[in-house]
Structures are given as C-alpha cells and as structure tokens.
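Scroll down for the structure; my scribbles are underneath it.
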Amino acid sequence: MGSLDAPSVVDTEVMEFAKPEDVILYVNGKCHVLPPDVAHQTLLEYLRGIGLTGTKLGCGEGGCGACTVMLSHYDWQAGTIVNRAINACLAPVYSVEGMHVVTVEGIGNRRLGLHPVQEALASAHGSQCGFCTPGFVMSMYSLLRTKKNAPTQSEIEECLAGNLCRCTGYRPILDAFRKFAKSETAAYTNEAIKAAGGQAPTKDTEQFICPSTGKPCDCGKVSKPKVVENGTAEHKSLTEEKKEREANGAELDNNTGVKDNVPVPREEPIFPPKLFRRKTQPLFLRGRQGLQWYRPTSLAQLVALKAKYPNAKMVGGNTEVGIETRFKNFQYPVLIATTHVPELLAMKVTGGGVEIGASVTLTNLLESFSHFVRERSEDETSGCKAIIEQLRWFAGAQIRNVSSLGGNIVTASPISDLNPLWIATGAVFTVIGNGGATRKVAAKDFFIGYRKVDLKKDEILASVFMPFTKRFEYVKEYKQAHRRDDDIALVNAGLRVTLKSESDGAWTVEDSCLAYGGVAAVVVVAKKTQEFLKGKPWNRETLDQALALLEKEIFMADNAPGGMVEFRRSLISSFFFKFYLHTCYKLEAHAGFEHGLPETYRSAVAQYEREPSKGIQYFQTAKDATAVGLPFQHQSANLQVTGEAEYVDDIAMPARGLHAGLVLSTKPHARIVSIDASEAEKFPGFEGFFCAKDLPGANDIGAIVHDEELFATEFVTCVGHLIGIVVADTHENAKDAARKVKIEYEELPALLDLDAAVAANKFHPGSERVLEMGDVNSFFENAKGSDDVLVAEGEVRMGGQEHFYLEPNSTLVWTTDSGNEVHLVSSTQAPQKHQRYVSHVLGIPMNKVVCKLKRIGGGFGGKETRSAYIAAAASVPAYLLQRPVRITLDRDMDMAITGQRHAFMAKYKVGFTKEGKVLALDIDMYNNGGNSLDLSGSVLERALFHSDNVYHIKDMRVRGRVCFTNQSSNTAFRGFGGPQGMLIVENWIERVASEVGRRPEEIRELNFQEEGQELHYGQLLEAPRHRNVWAELKNSCEFERQLAEVEAFNAQHRWKKRGLSMVPTKFGISFTTKFLNQAGALVQVYTDGTVLVTHGGVEMGQGLHTKMAQIAASEFGIALKDVFVSETATDKVPNSSPTAASASADMYGGAVLDACEQIKARMKPVADKGNFATFAELVNECYLQRIDLSGHGFYITPDIGMDWDTGKGRPFSYFTFGAAFAVAEIDTLTGDFHLPRVDIVMDLGNSLNPAIDIGQVEGGYVQGLGWVILEELKWGDSAHPWIRPGNLFTQGPGTYKIPTVNDIPIDFRVSLLKDAPNRKGVGEKERSLAVHSSKAVGEPPLFLAASAFFAIKDAISAARKDGGHTGWFVLDSPATPERIRMACADEFTQPFAKPDIRPKLSV
C-alpha cells in the first residue's frame, strides 16, 4: 500500500505522462478514449454527452444521488476488484481514467430484460416520477456488488441515505430492496398479506391467497436470496413471475413492456480484463479556460508538481472543489489529483497508534477502524469508535466512497465532523514540502484561521497519526444537524477525558480535551475548562463548575454567522453533559464506579440505532375487476428503473442548438440604471443577449393578473428577477457569459418578510378575502366577564417549503417552417400556460405554438405557473435566431427564482366552554406572496376555506391578505394553502385543550362536524367520513394502549421523551376557480384491438396515465397492456387546465370515460349482431363498416361555484377525509427526533388503483413531514441578518434538507377505508361524485404529517413538565432540532434563553 517515507526528488520537466490515445475509460464494458481537453467536465457530463442519459443531474453537488453510478478499479495491493457507488456529478471525468463505470443502462433494459434490482423496484411500486429511480437502482446494485455476502436491512437503508426521493416516501423502495437482505422477511410479508385481506400460509398449506385477486398465487413467497460469487443474488424476473401468476389463474398484466420469453441477464457487467494488466500512468490534460489537470502516481511526483505550482489545488474526491467551482465560481487554473499516489493510500499500525495516508477515503477509514474495533481491545479503540460513529452521519455512501481524509482536514471547515476528533484524540499530522522535507504538526495547532491551516504553499498533508487510547481514557463524538443523515453539523464536538483512581476511591481527571466545531471560525478548544478539570474529581459538582466555565469560555455573538446562537450555545453544554454521563456509565461498567445518577438519565447516552423500516398497507380491491381497482404498477415503471424514461434534458440537442443562461438581479429592490453586455459578447461561444427591448411581442405576464414583466425594464423587485437571457454554444459558456453582463443599480428600500409588509400595510391589490358565519363580534362582546366562556388569543407562524422536484425546470424550444411555428418540450404541469406565454411574448397566435411532454420528474405545484416564464424567455432567442434553445436550470438557481410554498402568519381569537366546546373563532391570516401575485390569492382562499378542518363553529370569521415582499414570487405547492389553513386550526385546537386540561384528541372529537351542517362558506357538508376514518384509526392504532405506553416511557426517561397525536383532515376537491374544472381527452381504437389515449393531464409520478389506461381498459373489456397513453400535447387536447388541485384523475378520467362510451355506443349495433371472439375482431368489423373509432371526450365538474361578493357558495365537489396517528421520540438535550410509528386511514372511495393511491398517501405524508419538521427556508431578512438582504441561503441539498430514507416512520401503516364509494343521494338519485366512485388523493394526505408535529409537541410538553414548565407554549413550524431543543427549556438552555423563546423564522 505504499510507504510514507520521504520521497526522492523528481524533475517535473522530464516526467512522462500518458499518451492521449492511452487515456481511457470503460463504460458498461466498452472502452472509450477520453478527449484530451475536458478536464473541466464531470463524469456525469461525459456520460450524458455520449448518450447515457439514465444518469441524471438532480443537484450538481452530490446531495441527491440521482447521478449515482458504480465505479470499479483493480486494487493491486489487495489483489481485488473494488466496486463503489459514486456521484457522477462531482467526479471529474479524468479522475476515473483507467477505471470501469457501470451505469443503469449497463445492467438491464426492457429489450433484453431487467436486472433483479430493477424489476424489484418496478414491481414494488418504488418508482413514481422516476427521475431519482436510476440513482436508487445503482446504489442498491453497487451495494450488492460490494458485499461478499447478502447485506442486512440496515446496510441497505444506510446505502440509500445518499439518495433522495420526493415522491414515494421511500417505503416501497425499501420494500423492493428488502428481498436482497440476508434477514428472513416472511413474517413481515405474512403480516402484510393478512392486513390486505389475504390468507397467509399455515402449516397445513403452502399456498397464499392473493389479496389483489382472491385467488391462489405466489406473491407472498419470500425466500432468502442465493448469493453467488460476485456478491449478487439470483431472483425471478417479472416475466417469470407473470408466468407463475398465469399458471395459477391470477394474471395481473402490468403493461410493463418487458418482452415475454426474454431471459433476464444473469451475468453482471464484468470488469474489463485489460484493466487487470494496465499500469497506472501519470496524466497531464487540459480543460476550458486554460485549466491544467495533473495526476501523479508517486509521492515524489506530487511534491515536485506542488513545488512547481504552489497555488495549485489538490483534488481527492472533488466533493469540495467541485462545489466551489460550480456554485461559487471559483477558478483553479491547476488541479493536482492525489488519488493515485500509493504512499498517500497507505494505512498501518505503528508506535501505539495508526498512521493513515492523506488520500485514504473515508469509506476505507471507516472499514479499517471497524476492523480495529473488532480485533483490538476496547481500551485501545475508544477513539476509533468515535470516528466510526461520526462517519455514520457523514454525507452519503457515494461521498464517503471518494472523499479523502486529507481533503476533509485541509478544507479546515469550522463545522468539520472529524477535525474536533483529531484534536481530541491527540492526532499528529505529517507534512511534506519541497525536496521531501517533513515536519510534524499536532492537530490542535494545525487550524490557524477560517479555512486556513499550517501548510506552506509548497507543502502537502501526507498522513495522520492517531494514537490508540489507554485504559480509562474515553473519547466521544457529538454532532447535531438539521437532519440526522447526510447533513453538515450545526455544532459538533470531540471530547476526551483520562481518569485515574485515587486511594480514597474517587476518580479524578488526569487529562482532557474539549474540542468544539460550529461555534467559531475554527475548531475551538476549551483550554481554560481543560485546565480546570485537571485533578478534579469526576462528579456532579465538577460537572456544574465545568459547564459554567464553558458558558463563559466559548462565547458566540448574537449576530454570529449561521444564527441559532441560543441553540448552538446550549448544545455546547448539552454535549458536555452527555459526555459526563457517558463516561460515568463507562466507568461503572469498567471499574464499578458509583456515580449516583438517577436511572432515568441512562437513556441520554444510548447510541441511536434505527430499526429497519417496515410497513403495512390495508386496501380493498374491486370484485371481478379487470383493470380499474386493481394494484397495477406504474405504466412507465420499467422505463424508469432502466433509465430509458425520457425527460426534457435527455432529449438530444438538435443541430445548431444553443444553451441559455439567465441574467438575474442581485438586488431585492432597485432601479436599473444600465445594462452592459459588452463583456459577455467577447466570451467564447457567445451567440446573443436578449432583454425587454428585443421582444417581438408583449412583456407583461402573470398567472392571473399581468403584474409581472418577462424581462425587467426599469425596476427589479427581488433577487433573481429576470433581466435578460444569454445564449451560447454550451451550458457552461452560457452561464459564464450571463455572469459577464453588468447591471448597474440604484438600490431602493426593500420589504423582506411578512412582518415588514404588514407593518408597511403593503398587500397585493384586491387580495383581501373574508368568510363569515354567525355574529363573531357579538359573541366576543357578550363573552366579556362570562364565567361560562373562555377566550384565548394567539399567533401561529409557519415557514415556506421548497418543492425540490428532482428534475429541475427544463425547456427545449425550436422553430419549424422557417420560423412560422414554435414547438417546445417543457417540464411543466401546465402546457397550455406555456403555449399562452410563448404566444404572448412572441406576438404570434396560439395555434402556431405547440407545447408537449411525456412526463416530468416531479412538480408538486412548482411547475404550474413559475416554469412558464422560463420557457417564454428561452423562446425569444429561439424565435429570433431560428435556432433551437435549451434551458435547464441549475438547482441553486431553480430554488432561488421559482418560488416556494407560502409562509403564513395568523392571529386567532377563540371562544370555548370549560369542557372544550368551541363556540366562536376569529382569524386574521397573511401569506407571503412575494413580488407578484401569481396564485397567492387562490392559495389564500383555500387556506380560508380549510380554516374549519372538520370542526363545527357556530360563529366564525376568517380574513386574509396576500403580502407583497421583495422575494421571488411564491406559488402553488401540494395542498395549495389548505395545509396552512388546517395547521392554524390544529394549533388553536391544541390551545383549547391546554386551557381546559384535556387531551387534544378529546377536543377534536367534541367538536366534529355533522352531516348537513352549513360550512362557513355556505356549502352543506354531505357524506362526511371523518368520524369513520377517526374511529377506524383510533381502534387500529390502539390509541389508549399507546398513550399508556408513552406515559410509562416518559416516567422512566428524563432526557428522552415520547409524545403522540391523532389529527384528522377534510380536503375539498375541485379547482376553486370554476372555469378550470374542465378536461378533454382523445381516445382512438386501432384495428388490432389496441387503444391510444391522449388527454390534457400531465404525468408527474402520480400515476395519472396508468389510471387513464385502466379506465379505458375496463370500458372496452381489454387487457391493460393493450392501452397506451401518449404524450400530453396542446395540439392534441387544447385549453387544458393545469394538472393540479388533486382533480386530474377525476376530470381526465371522466373525459376518457366519455370518449370510450361514445365509441362503444357506435360499436354496439355491430357487437349486438355478431359473435366476436376478441375485441380486435369486433374493432376490425366496425372498421369495415366505416364506424368512427375515435372519440373526443369532455368532462366538467358539476354543481360547483363560489361567489366572493357574498362569501357563499359550493366551491367543492366533495371532500377527501383522512386521519393520522403518530408517535414521536425526541432527545431533549439536542432536539433530535424520530418516529417509531405512524398509522394513516384515508377515505379514497373506490380506489382506481390501490397501489398508486397508497404511494400517494405515503409520499404526501413524508413530504408533509419535511414541511412541518425538517425543511426550513432561510432568507436574508430581519430574522437572518447574516444572510445578504433578499437572498435565499438554502439553495440546494447542502443547506436545505428534505426527508431521507432514515427520516420516515419506522413502522408505517396505511389503510384505505373499505366499502366507502364516493357517491351521494339515495335510490334513483344516487350518483357517483367522481369516475368509478373514486376520490382524489394527491394533496389530502400531506397535512396529516401534522400528527408528527403535534406528537413532537406532546413529547416536548413532557420534557417541560419535568423542568417545571407547565401550560401553553408556542412551537412554530418547521419543528427543527433548534425549536425542539429550545422548547424543552431545562437547566442547560436557561443561561441562554427564556422558556418561551421562539427561534427566528423566515416568514
């Protein structure tokens, strides 16, 4: 593994580098000679450039996993092939030279057959929008190729922690991959089959009764995978499983597109034999703008190159440099890769410790230290264990697989997870300079300033020596982040103490080291506290004195960068307290130490070990169903798992195509003084700059009112306001040229949050809305002085939420017929809106603009309106230059300019009885609309509509206004204001419960609405099911038993607490703007008996196309595989409404049904006369008789409408009801949390597809978890003065944290209410309220995540009670670790904050 001895001297002028023809890379078994001038390219860019578009660009910073591939190389020292998952978006293409890359295309496809990993994911409904799917496939595939034996379930979940999914809620992904685990899962499967109404096998029978068909089948069989030599497992293909179903009479044809009788490939892509024999050579290559790339193969070469280029940047995994160059615009003219220097890859035990080469990856470090822990005594490996535990939460596996130890150290991040531990363990760094001169530097002396270390320009970090610990020496790691997995620390620590026994039986401190990160510009060592501890007895008195010293020694100013000062300071104390407990318990075990600690403290030091996730799905399938009502997999699932599903950015660039870069405002509010594009025009590849003066049509745009400009003319009103667009020959050139456009501003005062807007009385014109029932003023006037009525007032605040669809906004625009027509393919939920915007700004009629798409990689409302102006901007150069133009936003830009879920603030006044019966309610609410109205008025209206949730309130008034702020315009997001309205409701429900001393669940039940009651907007409540779902949930979750268990847990644990909550929902279904409730579809029947369906809805992962195919198949009585749903296009179905409001399946399903019925009616006379064996025979005869086999269907939602002049109407066709139960556990000392169990019951009528609908429920709930707990937007506003005014700080997965696979409930149970068709009326007047008596599902489940929020609050209440704080307290959302921990209010927060602290929140 090389040597760390001083290197010989090398002359760089005579170094021999590989010849251009020898610079190679194998991809999926094929050898590619790499170009000599692409040092600037990432592996992802290279792969996509050669047509392998299954590997996706989701974030560009290694935070989402969509770009995951497997990298293989031959380790000469170990004599083995090493397989690792890596992020292709970060890996420089030359960094993988001489290696083998396997992409999702390389392991299976529909033509030749799916790999078992691919088919498992497809058949388990683990792919919805599909954009993240190839990354999950490759992470799992890489794990199987890496492991010698089958992995455990925990290893599977850990390997997926670096992959994000916004659609599924992860549960079906875990279910799919569980089959590859070594643990037996039959018990789980049996339980799931019983839950779904099936019959599990008994001792008397080996046969399963399928819950889907009611017939015997093999769907419940689970066997332990047979592991073969290469570490993969043998499994059946979908084709084989289909044959077994057919043999058992239980066919469920999934329209998979997998050809029958095609065997699945059993041989994995082999490691190219040529690479076994290939000698690694030094590289010298180039890139754009003069970039030089070196890859030395010896320490001597590396030292010589560093001496020649002292300002060169050293590159290991490129996980830091890649982000700096991509997002921070850093320029490094010379890059030197350290990955192939054997001396830096060495690791050896020597001199009472271990010496680790600086290029050792964090994965290798983790594996080696794990080996030490297994093989060496516990006394020696306390430091090793601390490193291991810290690495568990360090990024994802893909990052650890390439990140180097030296790069992590030399980056000198003040929040580095490992640097405090190197200091605490007494590590010593070896530095090598020019000529091979070496010196030793103690870790505690190495970090000399913010991102500055004790390295001269010609020096490199060569190795790290970490001494083993001795007996009674304890090292412990601590870290708290926004999210447990794959997140940077807010505060971390490496703490060490050495204790010795005194003659009197006491234990005293011999030595200690207390190193904290995240509290200053460098890691802080508490030297004064360490000095104090020397010789002191290890007892509570010493602890208290040390805590007091730490409080003074490590000080943070109120305006410290990063904010959260009170929280971060409290963590310093909490970590030391935890360390004291940890050491006491260790000493107790090792030496019988009598610590005198209460038994209730012990769990405070328990290492978090997450149990493998599990779930149960209860659902009912339609009897005698052929298509509708059965759990078919997503129609595009097999395309998605193989990477063959095409998204906008996957489409090959047409000839002469250009890339676009946006010119954006850098000021929140300013007058434009001048625009100068002269420097941009000189940039290589530049083809044009376009702004308002170049528009051939109009510049005014807007979703409802035209209060926006496509290109700003005189004023900019937010950071990210579009000023112009640059086109160039490459994506990078377009971005760089756009940065060269100089804008001169005259800055103006800005309104940066809701508080500022309300104070300035700045609202969007015409946005005020009022709904009122009864006489609120009279009630509260009469309530004054009453002993029978209680009144409570309060305020609710909630932050916004980023959509974080995995596919960024993307559009490809081109002209045809010499510019007479414009065509575009866009990632949008509203193709008609794109068509209209493009037509408007180009000044051409809509009939000459066609927008189309096949699918989008997630939308959630974010691609309903805000994607349209991006497409319109790209259409301008495409039209004027008559050249194709592609624009794909980088993740940071997408987040900064396209808007988010609205932040809300509400003030409430509620009157109620002493029993908790609510009598009156008065609410004033405000949402942050941003710099344009967009859909904010409609979002506010729905929030007002949902301000009752499921509760009857006789006297009620809700008023709302849309605030104008100088932020990018906020927009639609799943739930569209409904969740915000209901979260306000449940906050005052909890307040009432607190005031009267009852459980919130009791207050909810006491105030439930009844059928026939008038709602506060005039609609009568018909066919309510909230009582049904509530009763079923309360019974199935065993609420009373769970409550008793939570209370018992809390009595036994002081620093860990549990809470629970049950929350209902009532979500109105329809667009609240009446004219949008219309839909069209085109159905065409062909002479071979197949059917083509085209409709106006957009497939974005919700299974809309699959459901439409099911409806058509059921109507014609044909197999689902005989129905195909074509692309959505404005020239096929005109004037379509956005795919939004959860209403698309209802509307487009009704339209498809209408078209099918028209065709059937024409076919009926022929069918009645003949005896046709097949549908194809009937169709052919109809064709011969000249019968029209094409139908245009149309549907309008009946009996709806709202009159805002009177505040009365019937805005909703019906309601979807649901309820959720959650148990939460928190660490009161850090604010960490997890969810041991969640149960959901949803009323979805007669489900069109239970598998898809359950996926929507789970995905919606987990997305809601992000909203109420994890995801916090941070803006440059009054709450965050350390952020530049008006700028969004959280612009990517590095700073904005959506749930990962390890954030979902451990036990996740979903049930669909049975025997509950969506119908109303009696007898002859009975009718379905939606197609096939189904109900909408997309948005309603999201709010149910409030159950987790209030369960956490319940746990906090228990903690506050132990601390002597009772009564009502405010918890704003999201309930991040900061808010959880500070609300717990104990002796460790008391020095820094009052018990009623409300941590700062961007609203």
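The values are calculated or read from the model by the stated rules, or taken from the named source; none is laboratory data. Bear in mind that the values here come from a model prediction, so they are computed numbers and not experimental data. With ideal geometry, Cβ positions are generated from the backbone for all residues, glycine too; neighbour counts draw on all protein chains shown. To get the accessible areas, we keep the full protein, side chains included, count just its heavy atoms, and leave off ligands, DNA and RNA. Shrake-Rupley method; radii C 1.70, N 1.55, O 1.52, S 1.80 Å.
Between beta-carbons, use under 14 Å as the cut-off and find the net charge around Lys1320, counting Lys and Arg +1, Asp and Glu -1. Can you show the working numbers first?
Values: positive: Arg1025, Arg1210, Arg1319, Lys1325, Arg1327, Lys1335; negative: Glu1011, Glu1022, Asp1199, Asp1243, Glu1324, Glu1326.
Result for the neighbourhood of Lys1320: 0.
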(request) Would you grab the residues whose amide H sits under 5 Å from the one on Glu821? Only those 5+ places off in sequence or on another chain, please, with H modelled 1.01 Å from N. (result) Thr816
(request) Pairs of Cα atoms under 8 Å, at least six residues apart: use those to get the relative contact order of the chain, whole percent. (result) 11 percent
(message) Taking θ = phi - 60°, what integer Hz values does the Karplus form 6.51 cos²θ - 1.76 cosθ + 1.60 yield along the range 807-818, in sequence order, with x for Gly and Pro?
(response) 8, x, 4, 8, 8, 10, 10, 8, 10, 10, 6, 6
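Net charge within 9 Å of Leu919 by Cβ-Cβ distance, Lys/Arg positive one each and Asp/Glu negative one each, not counting Leu919 itself? List each step's numbers first, then the result.
Numbers: positive: Lys917, Lys954; negative: Asp955.
Around Leu919, the surrounding residues sum to +1.
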(request) Excluding residues fewer than 8 places away in the same chain, name every one of the aspartates and glutamates whose C-alpha is closer than 14 Å to that of Lys742. (result) Asp676, Glu679, Glu681
(request) Report the residues of the range 382-401 in range of a label on Tyr608: point 7 Å along Cα→C-beta, backbone N strictly under 20 Å from it. (result) 385-400
(request) Would you calculate the volume per residue, in Å³, of the smallest convex hull containing every Cα atom of the chain? (result) 183 Å³
(request) Sequence neighbours fewer than 8 away in the same chain don't count; with that in mind, list the lysines whose C-alpha is under 16 Å from Lys784. (result) Lys909, Lys914
(message) Quick one: the Cα spread of the range 973-1072 along its three principal axes, in angstroms, biggest first?
(response) 50, 28, 28
(request) Determine the gain in length on full extension of the stretch Thr626-Asn329; use 0.36 nm per residue of separation and subtract their C-alpha separation, reporting nm with one decimal. (result) 101.2 nm
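For the pair Asp817 and Trp1204, what calculated FRET efficiency results from E = 1/(1 + (r/R0)^6), where r is the Cβ-Cβ distance and R0 = 51 Å, to the nearest 0.05?
Details: r = 45 Å, r/R0 = 0.88.
With R0 = 51 Å, the Cβ-Cβ based efficiency is 0.70.
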(request) Read phi for every residue in the range 116-128 and hand back ³J(HN,Hα) as whole Hz from Karplus 6.51 cos²θ - 1.76 cosθ + 1.60, θ = phi - 60°, with x for Gly and Pro. (result) x, 5, 5, 5, 4, 5, 5, 6, 8, 6, x, 10, 10
(request) Any of Lys534/Lys1394; Lys833/Lys1297; Lys279/Lys457; Lys528/Lys586 with alpha carbons more than 27 Å apart? Name them for me. (result) Lys534/Lys1394; Lys833/Lys1297; Lys279/Lys457
(request) Using a 1.4 Å probe and ignoring any ligands, DNA or RNA, find the accessible area of Tyr170 and quote it in Å² to the nearest 10. (result) 0 Å²
(request) Equivalent ellipsoid semi-axes for the range 800-918, as square roots of 5 times the alpha carbon gyration tensor eigenvalues: give them largest first, rounded to whole Å. (result) 40, 15, 12
(request) Could you give the C-alpha radius of gyration of the range 861-1003 expressed as a fraction of 2.2 N^0.38 Å, taking N as the number of residues it contains? (result) 1.40
(request) Starting from the Cα of His371, step 7 Å along the direction of its Cβ; do the same at Lys440; then give the gap between the two resulting points in nm. (result) 2.5 nm
(request) Can you check what the net charge comes to around Gln480, using other residues whose Cβ is under 12 Å from the Cβ of Gln480 (Lys, Arg +1; Asp, Glu -1)? (result) 0
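Based on the Cβ-Cβ distance from Glu1038 to Val673, what FRET efficiency comes out when R0 is 51 Å, to the nearest 0.05? Spell out each step's value before the answer.
Working: r = 68 Å, r/R0 = 1.33.
That gives a FRET efficiency of 0.15.
For Glu714 and Thr350, what is the calculated FRET efficiency with R₀ set at 60 Å and r taken between the beta-carbons, to the nearest 0.05?
0.30
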(request) Determine ³J(HN,Hα), in whole Hz, for all residues of the range 700-709 in sequence, where each value follows from phi through the Karplus function 6.51 cos²θ - 1.76 cosθ + 1.60 and θ = phi - 60°; x replaces Gly and Pro. (result) 7, 9, x, 5, 10, 10, 7, 10, 10, 10
(message) Please give the Cα centre distance for the range 914-984 versus the range 1053-1082, rounded to the nearest Å.
(response) 14 Å
(message) Skipping prolines and chain starts, which residues have an amide H placed within reach, meaning under 5 Å, of the one on Lys1057, given they are 5 or more residues away or on another chain?
(response) Ile1226, Thr1228
(request) Please sort 1352-1359, 65-72 by packing, taking for each peptide the average over its residues of neighbouring beta carbons within 10 angstrom, highest first. (result) 65-72, 1352-1359
(request) Name the long-range amide H neighbours of Asp1232: under 5 Å, sequence gap of 5 or more, or other chain; modelled H, no Pro or chain starts. (result) Asp1227
(request) Run down the lysines and flag those whose C-alpha is under 16 Å from the C-alpha of Lys328, throwing out any fewer than 8 positions away in its chain. (result) Lys313, Lys735, Lys740
(message) At a 10 angstrom cut-off on C-beta neighbours, averaged per residue, how do the peptides 820-827, 705-712, 606-613, 1100-1107 rank from highest to lowest?
(response) 1100-1107, 820-827, 705-712, 606-613
(message) Can you give me the Rg/Rh ratio for the range 1363-1403, using Cα atoms for both radii and the Kirkwood formula for Rh?
(response) 0.94
